[in-house]
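Q: The structure follows.
Rule-based calculations on the coordinates, nothing more; no lab input. Note that this is a predicted model, so its numbers are computed, not measured. As a convention, Cβ positions derive from the backbone with ideal geometry for all residues, glycine included, and neighbour counts pool all protein chains shown.
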Amino acid sequence: MSEETVTPPAEPARPEGDYAIVEVLGHRTIIGRTSEVERFGTKFLAVEPIWQDAFLPAVLIGGASIYQLTPCSAETAFARQAKYHSQLPPSIGATVPRPVDEFAPRFLTHDTDEYGEEF
């Protein structure tokens, strides 16, 4: 009876950078890659939220709006990313296209006006 060594699958390479779980006033939690940027003569925390294993455009957060910032590893950030569209803060979710619900009534998914003309 021979023993086989089983190697676990390799973790995918994550992009370099600092990652954090950022809690912002207004009960919003944003998980992603972070950096400090200066805009309009003021320092901001730039967070690139992780959604579907990819980065969304950076969200700029003023320092006074940060309730809590928990630095974490890239693996933790990708594991804790929002799994459902409803888990994204509304301001970020508004910029992400939602998939068309295949069970929605046709009049909600078909691009025609009331006369049947395509638009």
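Q: Hey, for a label at residue 18 modelled as a point 7 Å past Cα toward Cβ, could you say which residues of region 37-51 have their backbone N under 14 Å away?
A: So the set is 37-38, 43-48.
Q: Binned at 10 Å from 0, what are the whole-percent values of the Cα-Cα distance distribution for region 9-63, short to long?
A: 22, 50, 22, 5, 1
Q: List every residue whose amide H lies under 5 Å from the amide H of residue 96, counting only residues 5 or more places away in sequence or on a different chain, with H placed 1.01 Å from N in the peptide plane.
A: none
Q: Please turn the phi angles of region 81-88 into ³J(HN,Hα) values with the Karplus equation 6.51 cos²θ - 1.76 cosθ + 1.60 (θ = phi - 60°), one per residue in order, whole Hz, x for glycine and proline.
A: So the Karplus estimates, Gly and Pro as x, are 4, 4, 9, 10, 4, 5, 7, 7 Hz.
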